[in-house]
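Each remark here refers to the structure printed beneath this line.
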Amino acid sequence: AFSGSIPRSLFASETLLDLQLQRNSFVGSFRYGLPWGARYCNLRGLDLGHNHLSGLIPQSLSRLQNLTYLSLPNNSFTGTIPSELGRITGLQTLNLRHNSLIGTLPESIGRIHTLENLIVDGN
């Protein structure tokens, strides 16, 4: 299994379309968010599930405007679901199951007209 921190530069790639890093031993948090270059990123799928990631889900994920699939299950994310995720207007799947999230579902998530799968059980 891969370990350590996830290189922030991956989120600034203009050519990478799908980033599947699930079921590894990546650790750490996104306390510095994603790099500013992430707004030019063309990622459509991001799966970081089943790692050892912790802290808050970064608001800066909303810079990944081309995402259709965002999966962060089975980590140790805490806090609330950032309302900024509602800015990812083409999102079809949002999987946040089995973390330690609290609070309410942001209204902005309900306004994503393309959302087909919202998975938040086990928090």
**Study point:** Projected area, mean over directions - the range 1-41, Cα convex hull, nm²
**Key:** 3.1
Point to revise | Estimated inter-spin distance, residue 3 and residue 56, nm [label 7 Å along Cα→Cβ] | key: 2.9
Exercise for review: Could I have the simple spin-label model distance between residue 27 and residue 119, label points 7 Å from Cα toward Cβ, reported in nm to one decimal?
Suggested key: 2.7
Check your understanding: Ignoring ligands, DNA and RNA, what percent of the 1.4 Å accessible area of the range 17-123 is carbon and sulfur?
Key -> 49
**Study point:** Alpha-carbon Rg/Rh ratio, for the range 1-71, with Rh computed the Kirkwood way
**Key:** 0.92
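Report, in cubic angstrom per residue, the convex hull volume of the C-alpha atoms of the chain.
Here the figure is 86 Å³ per residue.
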Practice item. For residue 26, enumerate residues with amide H under 5 Å from its amide H, sequence gap 5+ or separate chain, H modeled in the peptide plane. Key: 52
Study note, to complete from the structure: Dividing the mean separation of Cα pairs under 8 Å (6+ apart) by the residue count of the chain yields a relative contact order in percent of 20
Revision key, fill the gap. Per-residue accessible area, 1.4 Å probe, largest first, puts 78, 89, 15 in the order 15, 89, 78
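The values are calculated or read from the model by the stated rules, or taken from the named source; none is laboratory data. Everything quoted here is computed from the prediction, not taken from an experiment. Counting neighbours? That spans all protein chains shown, and the Cβs are built from the backbone with ideal geometry, glycine included. Just the protein is used for accessible areas: all its heavy atoms, side chains included, with ligands, DNA and RNA removed. Shrake-Rupley method; radii C 1.70, N 1.55, O 1.52, S 1.80 Å.
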